[in-house]
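Student: Questions regarding the structure given below will be posed in turn.
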Amino acid sequence: MEIKAYSRITADKMVVNGSTVYSSSDGENINLTDLYRHLGIDYPKFFKMDNLCKAGFLGAETIIRDAGMDTVTPKKDCDIVLFNSTSSLDDDIAYNNTIEDDANYFPSPSVFVYTLANIVTGEIAIRNKIMGESSFYVLKEFSSSIIYSVVKETAQETSANAVLCGWADFLNNTPDVLLMLLQRTGDGKIQFTAENINKLYR
Amino acid sequence: MEQLILELKKQIIEVLNLEDVKPEDIDSQAPLFGEGLGLDSIDALELIVLMEKNYGIKLGDPAQGKEIFKSVETMAEYIEANRKK
Amino acid sequence: MTICVTGIGIISSIGVGRQATLDSLLTGRCNIAPIAHFKTIHSDLVSAEVVQSNEQLIELLGGGLKEPLTRTALLGMVALDQAYKEARVEEQRPQRVAFVSGTTVGGMDKSEQFYLDFLNNDSKNQYIASHDCGRCSEMIADYCGHFDIITTISTACSSAANAVIFGANLLKTGRTDMAIVGGSECITKFHLNGFNTLRILDKEPCRPFDASRAGLNLGEGAAYLVLESEASALKRGVEPLCKLSGYANFCDAHHQTASSEDGEGAFLAMSGALQNSGLQPEDIDYINAHGTGTVNNDLSEGIAISRLFSKRGIPPVSSTKSFTGHTTSASGSIEAVISILSIQHGFIPANLRFRNKIEELSFVPSSDIGLKVDVNNVLTNSFGFGGNDTTLIFSKYKKE
């Protein structure tokens, strides 16, 4: 498969297909709501998401729209396979904050919903009507070889025409996202290999 | 009542993260769910938490929410009649 | 490649091991009762707890186990040990063996118990390392022996079913010679309280596919299946119990937790699995539904079943969560084992406590206890939050 498009969100900037589309002001960590506004997206559900979903959503949004995919046609031949290392820890902490204090004990249903890392694949699927296989893997650390082999096997099994895959992590106010949109055949510029995943991530 | 309605609108915007909505955008009599604000089942649960947290109202059966959350006005009426704080 | 199941292991509230599970299913015995072992303020709730305490589980495992030991790990060890022995893994070991286990709460039970200790002193810090889901799989694996690949799948209530798919893919792509797959999960405050905030827990024993259904009961347990190619089973001289003939995972792409009105994700998963198996809807003799007992799931899943099967007649459908409760991340493999038992012993597991038909659906679940029929192909559904919908199909094994 080939990498048709990719996006990278780090502590201070967002890069799409190699060009920086947004950077935060000096020394500050990137604010995902500011990034959302900068990208001119209109999707109010964004504000309800936890940080991991917001980061994954923004990473996906840019490359999916660029690829000319719409948000309404059901896409049964597109899979989503994501990975990270901190699972939903950022939201787990937020949920714990709603139950920590006996005197102010109001567990939040909407925060609880996001205490599963794979909700980020769900949010991207809902937005884009992507209905192929969706999976989420938690790894000890970023590993281009594991991402490569798992995604390759998934695509082989489902014979999907497109796969949105990559790394989506968020903790301590810091996003770490590398999303790639793969297709079976294209211009052949970037092949989907462990080495190339590594290059795009570093 | 008017004041409670405004207060409720602000609280709804806050707890449901309706970032781009202002209190004056919400029609007090319009349905909260379905069209309009586009709220869903999780939002309904969050409104149940809001009533308990801010007004001391415990809703035993979530199905009751259907009637109560018809609009901001019906919600305000219910709170007015049942509030503990 | 024909993938065979050559061993199964199971523990749930209705029994330890295949025989006890079968007896319960055939006699309609379930154990959904007020919460006993588990400490919670929600004493008004019922659940499907595994009868054995942690100490009794350790005894079952022959004792002498070293801490840290989480309940999810202990349940998993009991189930894995049975599967491991039935498939004679130790005696006739293939070259490479993988272990794929689903869990979502991992070591949360102990984290809840020791959390304040973590904060105040460090003495119990061995339970920090046992908190994450992956550590649970490693503890389970370590009890049984040596594995070349150990990995964990965490997709909420479809975790164990996705572990089956993952294991099958490892076999098909030649990365392993045998894959032991499934899931384990104990009840924790974290998800009991979470499900309670979502208002989907019924205070009464659950009534899947009944008009009066009002939610699910949490259960706990573990189950594992030994998967290998037919060639490997024959070579090892182990008789296959059945075939894994098809599987698929699709996304409902509708809502974070709720299922869509038309059950599109479920429909795609079931049709995808049929396609993958080369079977037609009319070949399916029994549908083991996800059937949680929530208003939303059963209607959505029921609509999807009607859409796919009504043309040629809907086969018997039941939710065995009416026996085991909803064992969340373990449910996919627990229900896979129940499906396999249904093939091996020729019966339809009952949908307990059904009284009234859901108005919008064209079928009622199969509620006869111990209904004997020849079962060749079973389709079993597992749906998780995130719209993560998985279907597995198991078929009677016939030597080619």
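The values are calculated or read from the model by the stated rules, or taken from the named source; none is laboratory data. What you see is a predicted model, and the numbers here were worked out from it, not measured in a lab. Ideal geometry is used to build each Cβ from the backbone, glycine not excepted, and the neighbour counts take in all protein chains shown.
Student: Here are C:170, C:192, C:225, C:198: which of them is touching a strand residue (DSSP E or B) at 6+ places or on another chain (Cβ under 7 Å), of a type in the set (A, V, I, L, M), in the same structural domain as residue C:45 (by TED's automatic domain parsing) and farther than 25 Å from residue C:91 by Cα? Reasoning before the result, please.
Tutor: On the way: C:170 fails: farther than 25 Å from residue C:91 by Cα; C:225 fails: farther than 25 Å from residue C:91 by Cα; C:198 fails: touching a strand residue (DSSP E or B) at 6+ places or on another chain (Cβ under 7 Å).
On inspection, the qualifying residue turns out to be C:192.
Student: Inspect segment B:25-43 for any residue being in a helix (DSSP H, G or I) and within 12 Å of the chain's Cα centre (by Cα) and give the result as yes or no.
Tutor: Taking segment B:25-43 first, the residues in a helix (DSSP H, G or I) are B:25, B:41-43.
When the remaining residues are screened for being within 12 Å of the chain's Cα centre (by Cα), the result is B:43.
Looking for residues that are in a helix (DSSP H, G or I) and within 12 Å of the chain's Cα centre (by Cα), one finds at least one in segment B:25-43, hence yes.
Student: Oh, and also: Just a yes or no: is a residue in segment C:333-348 touching an Asp or Glu at 6+ places or on another chain (Cβ under 8 Å) and at negative phi?
Tutor: Applying the first criterion (touching an Asp or Glu at 6+ places or on another chain (Cβ under 8 Å)) to segment C:333-348 yields C:346, C:348.
Then drop every residue that is not at negative phi, which leaves C:348.
Yes: one or more hits.
Yes/no matrix, rows are residues, columns are (1) touching a helix residue (DSSP H, G or I) at 6+ places or on another chain (Cβ under 9 Å); (2) over 20 Å from residue C:344 (Cα atoms):
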site: C:201; (1), (2): yes, yes
site: C:216; (1), (2): yes, yes
site: C:220; (1), (2): yes, yes
site: C:234; (1), (2): no, no
site: C:239; (1), (2): yes, no
site: C:259; (1), (2): yes, yes
site: C:280; (1), (2): yes, yes
site: C:305; (1), (2): yes, yes
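Student: Still on this model: Given the conditions (1) buried (at least 23 other Cβ atoms within 10 Å of the Cβ); (2) free of Cβ contacts under 8 Å to residues at least 60 places away in the same chain, and given that residue A:93 satisfies all but one, which numbered condition is not satisfied?
Tutor: With (1) buried (at least 23 other Cβ atoms within 10 Å of the Cβ); (2) free of Cβ contacts under 8 Å to residues at least 60 places away in the same chain applied to residue A:93, the lone miss is (1).
Student: Additional query: Determine which single condition residue C:381 fails, assuming it passes every other condition in (1) crowded, with 24+ Cβ neighbours inside 10 Å; (2) among the polar types (S, T, N, Q); (3) in a helix (DSSP H, G or I).
Tutor: (3)
Student: Then there is this: Please verify whether residue C:140 is surrounded by fewer than 21 Cβ atoms within 10 Å (Cβ to Cβ) and touching a Phe, Trp or Tyr at 6+ places or on another chain (Cβ under 8 Å), treating the condition exactly as stated.
Tutor: Details: surrounded by fewer than 21 Cβ atoms within 10 Å (Cβ to Cβ): no; touching a Phe, Trp or Tyr at 6+ places or on another chain (Cβ under 8 Å): yes.
Against the criterion (surrounded by fewer than 21 Cβ atoms within 10 Å (Cβ to Cβ) and touching a Phe, Trp or Tyr at 6+ places or on another chain (Cβ under 8 Å)), residue C:140 does not qualify.
Student: Still on this structure, I have one more. Sort out for me the strands (runs of 3 or more DSSP E) sitting completely within segment A:1-59 that have 1 or more residues that are over 22 Å from residue B:39 (Cβ atoms), in contact (Cβ under 8 Å) with a residue 60 or more places away in the chain and in contact with a helix residue (DSSP H, G or I) (Cβ under 6 Å, 6 or more places away or on another chain). Before you say what the answer is, go through the steps one by one.
Tutor: Working: elements: A:2-9, A:13-16, A:19-23.
Strands (runs of 3 or more DSSP E) meeting the threshold: A:2-9.
Student: While we're on this one: Of all residues in segment A:138-147, count the ones that are within 11 Å of another protein chain (Cβ to nearest Cβ) and in a loop (DSSP other than H, G, I, E, B).
Tutor: Of all residues in segment A:138-147, those within 11 Å of another protein chain (Cβ to nearest Cβ) come to A:138-140, A:146.
Checking the rest, the ones that are also in a loop (DSSP other than H, G, I, E, B) come to A:139-140.
Result for segment A:138-147: 2.
Student: Look at residue C:273 and say whether it is within 19 Å of residue C:172 (Cα to Cα) and buried (at least 21 other Cβ atoms within 10 Å of the Cβ).
Tutor: On the way: within 19 Å of residue C:172 (Cα to Cα): yes; buried (at least 21 other Cβ atoms within 10 Å of the Cβ): yes.
Yes: the conditions hold for residue C:273.
Student: Restricting attention to segment C:123-135, does a residue exist that is in contact with a Pro (Cβ under 8 Å, 6 or more places away or on another chain), within 14 Å of another protein chain (Cβ to nearest Cβ) and either hydrophobic (A, V, I, L, M, F, W, C) or part of a helix (DSSP H, G or I) (or both)? Show your work before the answer.
Tutor: First pass over segment C:123-135, keeping only residues in contact with a Pro (Cβ under 8 Å, 6 or more places away or on another chain): C:126-127, C:129-130.
From the residues that got through so far, the ones that are within 14 Å of another protein chain (Cβ to nearest Cβ) too are C:129.
Adding the requirement that they be either hydrophobic (A, V, I, L, M, F, W, C) or part of a helix (DSSP H, G or I) (or both) leaves C:129.
So far as segment C:123-135 goes, yes, one or more of its residues are in contact with a Pro (Cβ under 8 Å, 6 or more places away or on another chain), within 14 Å of another protein chain (Cβ to nearest Cβ) and either hydrophobic (A, V, I, L, M, F, W, C) or part of a helix (DSSP H, G or I) (or both).
Student: Let me ask another. I'd like the residue in segment C:137-160 that is within 12 Å of chain A (Cβ to nearest Cβ) and touching a residue at least 60 places away in the same chain (Cβ under 8 Å) and, out of all such residues, is nearest to residue C:94 (Cα to Cα).
Tutor: C:137
Student: Provide a single number: the residues in segment C:236-248 that are under 30 Å from residue C:85 (Cβ atoms) and either within 8 Å of chain A (Cβ to nearest Cβ) or among the aliphatic types (A, V, I, L, M) (or both). Working first, answer last.
Tutor: First, the residues of segment C:236-248 that are under 30 Å from residue C:85 (Cβ atoms): C:236-247.
Retained after the next criterion (residues that are either within 8 Å of chain A (Cβ to nearest Cβ) or among the aliphatic types (A, V, I, L, M) (or both)): C:238, C:241, C:244.
Qualifying residue count for the region: 3.
Student: Just one of A:120, A:150 is surrounded by fewer than 21 Cβ atoms within 10 Å (Cβ to Cβ), assigned to a helix (DSSP H, G or I) and at the interface with chain C (Cβ under 10 Å from one of its Cβ atoms); which is it? Working first, answer last.
Tutor: Working: A:120 fails: surrounded by fewer than 21 Cβ atoms within 10 Å (Cβ to Cβ).
One residue alone meets the criteria, A:150.
Student: Looking at (1) farther than 17 Å from residue C:224 by Cβ; (2) in contact with a Phe, Trp or Tyr (Cβ under 6 Å, 6 or more places away or on another chain); (3) more than 10 Å from chain A (Cβ to nearest Cβ); (4) among the small types (Gly, Ala, Ser), can you tell me which one residue C:174 breaks?
Tutor: Going through the list (1) farther than 17 Å from residue C:224 by Cβ; (2) in contact with a Phe, Trp or Tyr (Cβ under 6 Å, 6 or more places away or on another chain); (3) more than 10 Å from chain A (Cβ to nearest Cβ); (4) among the small types (Gly, Ala, Ser), residue C:174 breaks only (2).
Student: Sticking with this one: Take segment B:50-59 and flag every residue that is more than 12 Å from the chain's Cα centre (by Cα) and surrounded by 16 or more Cβ atoms within 10 Å (Cβ to Cβ).
Tutor: First pass over segment B:50-59, keeping only residues more than 12 Å from the chain's Cα centre (by Cα): B:53, B:56-59.
Once the filter is applied, which keeps residues that are more than 12 Å from the chain's Cα centre (by Cα) and surrounded by 16 or more Cβ atoms within 10 Å (Cβ to Cβ), segment B:50-59 yields B:53, B:57, B:59.
Student: Please verify whether segment C:296-305 includes one or more residues that are in a loop (DSSP other than H, G, I, E, B) and either touching a Lys or Arg at 6+ places or on another chain (Cβ under 8 Å) or outside the structural domain of residue C:210 (by TED's automatic domain parsing) (or both).
Tutor: So the first thing to find is which residues in segment C:296-305 are in a loop (DSSP other than H, G, I, E, B), and the list is none.
Scanning segment C:296-305 turns up no residue that is in a loop (DSSP other than H, G, I, E, B) and either touching a Lys or Arg at 6+ places or on another chain (Cβ under 8 Å) or outside the structural domain of residue C:210 (by TED's automatic domain parsing) (or both).
Student: Next question, about the same structure. Residues of segment B:55-85 being part of a helix (DSSP H, G or I) and within 14 Å of residue B:45 (Cβ to Cβ), which ones?
Tutor: If we filter segment B:55-85 for residues that are part of a helix (DSSP H, G or I), which is where we start, we get B:55, B:62-68, B:72-82.
Matches in segment B:55-85: B:62, B:63, B:64, B:65, B:66, B:68.
Rundown of residues vs (1) among the polar types (S, T, N, Q); (2) free of Cβ contacts under 8 Å to residues at least 24 places away in the same chain; (3) within 13 Å of chain A (Cβ to nearest Cβ); (4) surrounded by fewer than 17 Cβ atoms within 10 Å (Cβ to Cβ), yes/no style:
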site	(1), (2), (3), (4)
B:9	no, no, no, no
B:12	no, no, yes, no
B:18	no, yes, yes, no
B:24	no, yes, no, yes
B:30	no, no, no, yes
B:33	no, no, no, no
B:38	no, yes, yes, yes
B:43	no, no, yes, no
B:48	no, yes, yes, no
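Student: Please go through segment A:78-110 and pick out each residue that is within 14 Å of chain B (Cβ to nearest Cβ) and either closer than 16 Å to residue C:156 by Cβ or not in a helix (DSSP H, G or I) (or both).
Tutor: A:91, A:95, A:101, A:105, A:106, A:107, A:108, A:109 - these are the residues of segment A:78-110 that are within 14 Å of chain B (Cβ to nearest Cβ) and either closer than 16 Å to residue C:156 by Cβ or not in a helix (DSSP H, G or I) (or both).
Student: Could you grab me the full set of residues in segment A:164-202 that are of a type in the set (Ser, Thr, Tyr) and not in a loop (DSSP other than H, G, I, E, B)? Quick ask: steps written out before the conclusion?
Tutor: First, the residues of segment A:164-202 that are of a type in the set (Ser, Thr, Tyr): A:174, A:185, A:193, A:201.
Hits for segment A:164-202 are A:174, A:201.
Student: Here's something else I'd like to know. Taking the condition of being part of a helix (DSSP H, G or I), within 14 Å of another protein chain (Cβ to nearest Cβ) and without any contact (Cβ under 8 Å) to a residue 24 or more places away in the chain, how many residues in segment C:190-234 meet it? I'd like the intermediate steps shown before the answer.
Tutor: Here is the first cut: in segment C:190-234, the residues part of a helix (DSSP H, G or I) are C:190-197, C:230-234.
Going one step further and asking which of them are within 14 Å of another protein chain (Cβ to nearest Cβ), we end up with C:190-197.
If we keep only those that are without any contact (Cβ under 8 Å) to a residue 24 or more places away in the chain too, we end up with C:194-195, C:197.
Going through segment C:190-234 one residue at a time, the tally reaches 3.
Student: Has segment C:269-277 got at least one residue that is assigned to a loop (DSSP other than H, G, I, E, B) and in contact with a strand residue (DSSP E or B) (Cβ under 6 Å, 6 or more places away or on another chain)? Talk me through it step by step, then tell me what you get.
Tutor: In the first step, residues of segment C:269-277 are kept if they are assigned to a loop (DSSP other than H, G, I, E, B); the result is none.
There is no residue in segment C:269-277 that is assigned to a loop (DSSP other than H, G, I, E, B) and in contact with a strand residue (DSSP E or B) (Cβ under 6 Å, 6 or more places away or on another chain).
Student: Identify the single condition in (1) in contact (Cβ under 8 Å) with a residue 24 or more places away in the chain; (2) within 19 Å of residue C:166 (Cβ to Cβ); (3) part of a helix (DSSP H, G or I) that residue A:135 does not satisfy, given that it satisfies every other one.
Tutor: Checking residue A:135 against (1) in contact (Cβ under 8 Å) with a residue 24 or more places away in the chain; (2) within 19 Å of residue C:166 (Cβ to Cβ); (3) part of a helix (DSSP H, G or I), the one that fails is (3).
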